[in-house]
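Heads up: the structure comes next, in structure tokens.
The values are calculated or read from the model by the stated rules, or taken from the named source; none is laboratory data. The structure presented is a predicted model; accordingly, all values stated were derived computationally and were not measured. Neighbour counts are summed over all protein chains in view; Cβ atoms, including those assigned to glycine, are modelled from backbone coordinates with ideal geometry.
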Amino acid sequence: MLRSENLGVRAAAQPGDTAGLNTLHGTVADVQYMGAHVEYAVDVNGVELTAWSPDEYEKGAAVLVTFSPEHVHLLPPQG
């Protein structure tokens, strides 16, 4: 499980320093302006992730979704 507030969004063309971060390539599918940050729906190989960023990207933009390994929480199988 990954929480939206632990996912970042960066421009795919200029990601900057991603050392120590996991990165997923995706495309901005939707944009919601939330005041202090922007909430993005990012399509990553057919899976939609919600990520936050203070930066602005347009719908259709190629981006990286970034997250620290310590923010990944594995849940036991149900049933």
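Would you check if Y40 is of a type in the set (S, T, Y) and at pLDDT 95 or above?
When the stated conditions are applied, Y40 passes them.
Each row is one residue, and each column tells you yes or no for (1) under 13 Å from R10 (Cβ atoms); (2) assigned to a strand (DSSP E or B).
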{"site": "H25", "(1), (2)": "yes, yes"}
{"site": "D30", "(1), (2)": "no, yes"}
{"site": "G35", "(1), (2)": "no, no"}
{"site": "D43", "(1), (2)": "no, yes"}
{"site": "L49", "(1), (2)": "no, yes"}
{"site": "D55", "(1), (2)": "yes, no"}
{"site": "E58", "(1), (2)": "no, no"}
{"site": "V63", "(1), (2)": "yes, yes"}
{"site": "T66", "(1), (2)": "yes, yes"}
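Determine, yes or no, whether T66 is of a type outside the set (A, V, I, L, M), free of Cβ contacts under 8 Å to residues at least 40 places away in the same chain and surrounded by 14 or more Cβ atoms within 10 Å (Cβ to Cβ). I'd like the intermediate steps shown before the answer.
Numbers: of a type outside the set (A, V, I, L, M): yes; free of Cβ contacts under 8 Å to residues at least 40 places away in the same chain: no; surrounded by 14 or more Cβ atoms within 10 Å (Cβ to Cβ): yes.
Against the criterion (of a type outside the set (A, V, I, L, M), free of Cβ contacts under 8 Å to residues at least 40 places away in the same chain and surrounded by 14 or more Cβ atoms within 10 Å (Cβ to Cβ)), T66 does not qualify.
A quick yes/no check of all residues on (1) at positive phi; (2) surrounded by 13 or more Cβ atoms within 10 Å (Cβ to Cβ); (3) touching a Ser or Thr at 6+ places or on another chain (Cβ under 8 Å); (4) of a type in the set (G, A, S):
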site	(1), (2), (3), (4)
G8	no, yes, yes, yes
Q14	no, no, no, no
L21	no, yes, yes, no
G26	no, yes, no, yes
A29	no, yes, no, yes
M34	no, no, no, no
V42	no, yes, yes, no
E48	no, no, no, no
E58	no, no, no, no
